Amino acid sequence: MTVAAAKGKRVLVVDDEEALRDLLQIALKEEGYAVETARDGLEGLERLQNEKFDLVLLDVWMPRMNGLEVLTKLHELPIPPRVVVMTADHTPETLLHTIQQEAYHYIGKPFSLHSAVDVVGRALASEELAAIEVISAKPEWVELLVPCDREAVDRIESFLMGMKGDLPEEVRESIGQAFHELLLNAVEWGGKLDPNRKVDIACLRTKRMVLYRIADPGTGFRFDELAHAAIAYPEGSALDHIRVRDEKGLRPGGFGLLLTRSLVDELIYNQKQNEVVFVKYL
Amino acid sequence: MALTLDVKKAGAVTVVGCRGVIVYGAESEELRARLKELLASTHSLVLDMAEVGYVDSGGLGAIVGLLTSARAAGGDLKLARPSERVQHVLRITKLLSVVETYDTVEAAVATYGHAAA
């Protein structure tokens, strides 16, 4: 968001860590936002009940009232602000609660000021959001219905990858990138970027593996019809599909399946190929 | 995280410092639009990737599309200082044989054979 666009937007930072509150206030003010702070959840809720804010940066574990309670009570406000949750608590219970309570985004602590400012800009620039529906909130079996919308991909990634905070970085990055590519395919090709259509995502976690299932609302595809994808070509033909995409007027890309296949241990499509499962062994 | 671009000249070579992520959506669109603009006046480009944390399929597509445009115009696009993660992505998509990568910006600039400023 530009400084001009940010002007007049009111942001409340709620955190019991004074140094972080001050840093965020300075960084966001430099971007043009009007920024206020609160020291804990109770003070934050009182401010929100008495003044209008466009966005809240909300810590989770604070004295007097925690961020999850604040998040729940925000629904009682006539026009609730957008909420970005910032926490070092990566447990599935906490993150699933924030999704259920319609938080816009999650930022894992510690984070860079640059990334926080970026998320605030995106949250305030975004239009009305289609809700993410929680079907199952068991930590070992998470299932969500996600609107076919580019922005929803970023939002859901922030929450689901946050839950993988206990995995080695390399494994987390591989899962994250594979999930990103397959979800983008699902919302773009299967759901035609129509936010009224939904992608069904399930994430199962056992001691020895992480399994994702992504089911899109489309009619599926065939591998022999993928001339616009890098996976359809033998080694040494890295640019052939780019020419096909150019001729078809498709956006640049086509590396998603090739990438995903190399990042996970199992990649299985159903017969129609509108549903895919990937597994990463731990 | 959004993408910010910082354009500098190194002699006849244009060095574009990238900071953030290069992914499908606003970020890869921004990169394409800015570099297409630059390609109108220069065909020797270096992308400084030191501060790029992540590139997805759409980002790779944007980079490769720009590379083919630069080469079609008689120039090239080279990558400097890609992170290990970005190099891994280039490796598994077989793009390391297509895109030239260098450990430093100076090394990438020097391959054009122009005098650096």
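Nothing in this text is a laboratory measurement; each read-out follows from the coordinates by a stated rule. For clarity, every value in this text was computed on a predicted model and none was experimentally measured. Cβ sites come from the backbone with ideal geometry, for glycine too, and all protein chains shown count toward neighbours.
Points worth noting:
- Here each label is just a point 7 Å from Cα along the line to Cβ, and for A:Arg10 and A:Arg150 those points are 3.2 nm apart.
- Helix A:41-50 axis, angle to chain A major axis (alpha carbon atoms, nearest 10°): 80 degrees
- Amide H to amide H distances under 5 Å link A:Trp61 with A:Gly67, where only residues 5 or more positions off or on other chains count and H is placed in the peptide plane.
- In this simple spin-label model, placing a label point 7 Å from the Cα along the Cα-to-Cβ direction at both A:Lys29 and A:Asn50 gives a separation of 2.1 nm.
- Working ranking of peptides A:151-160, A:43-52 by packing, defined as the average number of other Cβ atoms within 10 Å per residue, highest first, is A:151-160, A:43-52.
- Compactness of the stretch A:129-282 was expressed as the Cα radius of gyration divided by 2.2 N^0.38 Å, which yields 1.04.
- When you restrict to C-alpha pairs under 8 Å that are six or more residues apart and normalise by the size of the stretch B:27-75, the relative contact order lands at 63 percent.
- In terms of other Cβ atoms within 10 Å, A:Phe221, A:Phe255, A:Phe179 run from fewest to most in the order A:Phe221, A:Phe179, A:Phe255.
- Mean Cα-pair separation over length for the stretch A:133-281, i.e. relative contact order, pairs under 8 Å, 6 or more apart, %: 24 percent
- The distance linking the stretch A:190-225 with the stretch B:1-64 is 30 Å (Cα centroid to Cα centroid, whole angstrom).
- For the stretch A:3-125, the extents of the C-alpha atoms along the principal axes are 37, 32, 25 Å, listed from largest to smallest.
- Nearest-ten-degree value, helix A:18-30 long axis tilted from longest Cα axis of chain A: 70 degrees
- Straight Cα distances below 22 angstrom link B:Lys9 to the lysines B:Lys36, B:Lys78, with same-chain residues fewer than 8 positions distant left out.
- Summarising the amide proton neighbourhood of B:Tyr102: residues at separation of 5 or more, or on other chains, whose placed amide H is nearer than 5 Å comprise B:Leu79, B:Ala80, B:Arg81.
- At full extension, A:His75 and A:Glu143 could sit 22.2 nm farther apart than now, given 0.36 nm per residue minus the alpha carbon distance.
- Paramagnetic reach from B:Glu51 in the stretch B:18-40 [backbone N under 16 Å; point 7 Å along Cα→Cβ]: B:18-22, B:31
- Compared with the dominant principal axis of the Cα atoms in chain A, helix A:113-125 is inclined by about 80°.
- Applying the Karplus relation 6.51 cos²θ - 1.76 cosθ + 1.60 with θ = phi - 60° to the stretch A:159-170 yields 3J(HN,Hα) values of 6, 5, 6, x, 6, 9, x, 8, 7, x, 4, 5 Hz, where x marks Gly and Pro.
- Residue by residue along A:98-107, Cβ atoms of other protein chains within 10 Å of the local Cβ number 0 on average.
- Remark: the Cα gyration tensor places the protein assembly as shown in the oblate category, a/c being 1.5 or greater and a/b not exceeding b/c.
- Order of A:Thr91, B:Thr101 - criterion: other Cβ atoms within 10 Å of each residue's Cβ, fewest first: A:Thr91, B:Thr101
- Among the lysines of the stretch A:133-281, pairs at least eight places apart or on separate chains and with Cα atoms under 24 Å apart come to 13.
- Computed from label points 7 Å out along Cα-Cβ, the spacing between B:Glu100 and A:Phe223 is 3.6 nm.
- Partner chain coverage, peptide B:86-95 - average Cβ within 10 angstrom: 5
- Linear extension gain, A:Asp194 paired with A:Gln273, 0.36 nm per residue minus alpha-carbon span: 26.5 nm
- The ellipsoid that matches the Cα gyration tensor of chain B has semi-axes, each √(5λ) in whole angstrom, of 20, 15, 14, with the longest given first.
- Net charge of the neighbourhood of A:Val276, taken over other residues with C-beta under 13 Å away and scored Lys/Arg +1, Asp/Glu -1, is -2.
- Computed on the stretch A:45-167, with alpha-carbon pairs under 8 angstrom and 6+ residues apart, the relative contact order is 23 percent.
- Taking amide H atoms as placed 1.01 Å from N in the peptide plane, the amide H of A:Gly165 has no partner under 5 Å among residues 5 or more positions away or on other chains.
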